[in-house]
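Notes to accompany the following structure.
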Amino acid sequence: MTTLLAASLATLVFCAPGYPGGAGDAQPLLDQFAAAAAAASGWPAGSLGAVYDPTEEGGLAKLASSDAVLAFVPYPFYVEHAAQLHLTPLVQADMADIGPQQRWTLVAKSGRLTGPASMPGYLLLSTAGYAPDFIRRSALQDWALPADVKIEFTGQVLSALRRAAAGEPVAILLDQTQAAALPSLPFAAELKSVTQSAELPVALIAVVGSRLAAPRAKALQEGLLKMSHSSGSSESLAPLRLRGFVLPQLPSRSVP
Amino acid sequence: MKKSFFCGVSILGLTACATQPQPRPPPLPSAQPQPSTTLQLVAAIDADARQSDHEPDAKVRAELAAEAGRDADACLAREPQAAACLYGSAIALGLEARAHPARAGESLNGMLDKLARAESADPNYDEAGPARVRALVLIRAPGWPLGPGDTEAGLDAARRAVALRPQYPPNLLALAEGLAKTGDRSGARDTYARARDAAQALPDAADREEWLREADQGLKH
């Protein structure tokens, strides 16, 4: 029985709402990563599979499957769904360009927002808009959003920024990469960063419920942590813009 | 350009939009294996793009991209301002973007530049191809700041293509795709229906079947 379990196929579900790319495009890279992760962890070859879904709904549907034992998700997704999915963080992604943590920045039309009190009636748009708990309780925990601020997901950040620059009552919560690129926009002078989050994890790999036996999870954690030091493994990290993994460094109030 | 989480998996299926053009120059004479005229070079790029579309082997796709790039360079050397060569060069860059994802941003920006110049030279080329392909690149490419994708600009380009050639189904399909991406479901549905009607009015051909299939798929969403 133990042998059967050890050899059974475990699936790692990648889900990144708001980020570009389709499942078909991603699959070869995920296969390469899964094979390298399994090898680094001493799991039998072929015992770890990976699938990708670019939508929240699709990711949740895939995670509902009993063979979905691991989730590789952005931190906002984790905050939003960790309790429901019983996610236990295993490792934290160390991204090639920004590291394991990032700050989120709230941007609005210059001179319009002086504090949360000036936000009633605003629409807050973000690639993390599918995760309102993350926005209210993590990214903007020191900026108490009025209850009537509507939070919406957008994959069209540039359009949202144009709306704000044009004077619409729209604020945009940008991730670190987006915020860093803001000055390059021709209408950047029309926008202003009004508040910034503390450093928060970028993405996590988490165990789903009790679907992965503790010894296998421990072996995988150790394998993932050493992937960046092995030339064979690191080749599978670079296409995913990963430098490697670190132990989870979650803020104290990660999950509502 | 900084990248973000999972942008490494954002390799585009841009060949699909790069190979929308349907110019049908005559087949190359068998006695003349190396294309040398502008028409032959453009035909060779088109053939590479079509083959790449159905080629599962990444190595072969890379070879096709390289071959198309050489033909595009030769074409531009002969006629640097010709819409056909600028358009062919844009298509070759689309193949390059797919074959070498790490350099995709550079290739896509080059593609957009070539398409803009092709549109200036001859907006009607390939049934308003420069505006149509530009629309598809802008609609499908990763958006700011990861890539040159800009749905609003893509919609504008698709509208230009439709204005020039309103009955050409791929122009309508591009517009419908842009409308769908911006959340205008009603507009997208209407435009997919127009694309289907326009395709049905054409003689039976492989392209027509593909356009009908795409329109029907769009109408299901």
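The values are calculated or read from the model by the stated rules, or taken from the named source; none is laboratory data. In this text the structure is predicted, and so the values were computed from the model without any measurement. Note: ideal-geometry Cβ built from the backbone for every residue, glycine included; neighbour counts use all protein chains shown.
Considering only residues in the stretch A:228-243 that are more than 14 Å from every other protein chain (Cβ to nearest Cβ) and surrounded by 13 or more Cβ atoms within 10 Å (Cβ to Cβ), the one that is nearest to A:SER138 (Cα to Cα) turns out to be A:SER228.
Rundown of residues vs (1) within 13 Å of another protein chain (Cβ to nearest Cβ); (2) without any contact (Cβ under 8 Å) to a residue 60 or more places away in the chain, yes/no style:
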| position | (1), (2) |
| --- | --- |
| A:LEU60 | no, yes |
| A:SER66 | no, no |
| A:ILE98 | yes, no |
| A:MET119 | no, yes |
| A:LEU158 | yes, yes |
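Please verify whether B:ALA102 is within 20 Å of B:GLY147 (Cβ to Cβ) and at pLDDT below 95, treating the condition exactly as stated. Yes; evaluated as a whole, the condition is true for this residue. Of all the residues in the stretch B:151-208, those that are within 29 Å of B:ASP113 (Cα to Cα) and surrounded by 22 or more Cβ atoms within 10 Å (Cβ to Cβ) number 22. Does B:ARG70 qualify as being assigned to a helix (DSSP H, G or I), out of contact with any Gly (no Cβ under 9 Å at 6 or more places or on another chain) and at pLDDT 95 or above? Criteria met by B:ARG70.
Away from every other protein chain (no Cβ under 12 Å), over 26 Å from A:LEU63 (Cβ atoms) and of a type outside the set (Asp, Glu): does that describe A:ALA179? Here the answer is no, as A:ALA179 does not meet what is asked. The requirement of being buried (at least 18 other Cβ atoms within 10 Å of the Cβ), in the same structural domain as A:ALA16 (by TED's automatic domain parsing) and hydrophobic (A, V, I, L, M, F, W, C) is satisfied by A:LEU224. Looking at B:ILE139 and the list (1) more than 14 Å from every other protein chain (Cβ to nearest Cβ); (2) touching a Ser or Thr at 6+ places or on another chain (Cβ under 8 Å), which single condition is not satisfied? Exception for B:ILE139: condition (1). Just one of the numbered conditions (1) buried (at least 19 other Cβ atoms within 10 Å of the Cβ); (2) touching a residue at least 60 places away in the same chain (Cβ under 8 Å); (3) over 30 Å from A:LEU90 (Cβ atoms); (4) of a type in the set (Gly, Ala, Ser) is not true of A:ALA189: (1). Here A:TYR52 meets each of (1) modelled with pLDDT under 95; (2) within 13 Å of another protein chain (Cβ to nearest Cβ); (3) assigned to a loop (DSSP other than H, G, I, E, B) with one exception, condition (3).
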